[in-house]
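Take a look at the structure set out below.
Every read-out reported here was derived from the displayed coordinates using simple, explicitly stated rules and does not represent laboratory data. Predicted model only: the values in this text are computed from it and were never measured. Here the Cβ positions follow ideal geometry from the backbone for every residue, glycine too, while neighbour counts run over all protein chains shown.
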Amino acid sequence: MATFTLAKLIADWELLNTALQPHLTDMPFLKDQATELDGLITEAKGMDTRQQDLRGSLQETVRQRQALERRGKDLHLQLAAMLRGSLGFDNQTLLSFGIKPRRPRKKKAPADTPPPQSAAK
């Protein structure tokens with residue numbers, strides 16, 4: 001399946017338009033369509049240029065957003081670390097800042113307790 005890019009289409013249209021110009025005196029019935037094709041080529045080139053400009057603008061915007069995300073994550077981690085250092089790692093007040101406190105450790109069960117035996121014999 002052939003793929004058509006805008007640049008290829010414009011090139012094809014320009015080729016047709018250039019080849020058609022000398023013959024318009026012999027074929028005046030094509031003059032309206034040739035004029036329309038000429039305007040279409042100009043408009044398509046303008047659109048292509050605008051699309052390239054917008055693509056560049058999008059890439060710059062994405063780069064700026066990613067930099068903002070990195071700064072935000074770094075600042076969040078820094079503030080969380082400072083709050084943990086100030087309040088303590090297991091202080092429940094950390095929850096009000098959206099920071100999970102460290103869970104208290106569970107005590108291990110004594111090893112000398114035998115496991116329960118099943119009643120099936």
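Placing a pseudo-label 7 Å from each Cα along the Cα-to-Cβ vector at L75 and K108 gives an inter-label distance of 4.5 nm.
Once the Cα atoms are used to define both axes, helix 6-20 deviates from the longest principal axis of the chain by about 0 degrees. Take each peptide in 43-51, 26-34, count the other Cβ atoms within 10 Å of every residue, and average; sorted highest first, the result is 43-51, 26-34. In the chain, the C-alpha radius of gyration followed by the widest Cα-Cα span (Dmax) gives 35.9, 110 angstrom. Taking a straight Cα-Cα cut-off under 23 Å and skipping sequence neighbours fewer than 8 places away in the same chain, the lysines within cross-link reach of K73 are K100.
Potential lengthening of the chain between A19 and A7 amounts to 2.5 nm, from the contour at 0.36 nm per residue minus the alpha-carbon distance. The aspartates and glutamates within cross-link reach of K31, meaning a Cα-to-Cα straight distance under 18 Å and a gap of 8 or more places when in the same chain, are E14.
Over all alpha-carbon pairs in region 52-97, figure out the percentage whose distance exceeds 12 Å. Roughly 69 percent, once rounded to a whole number.
Within the same chain, aspartates and glutamates fewer than 8 places from K8 are excluded, and of the rest, those with a Cα less than 17 Å from its Cα are D38, E43, D48.
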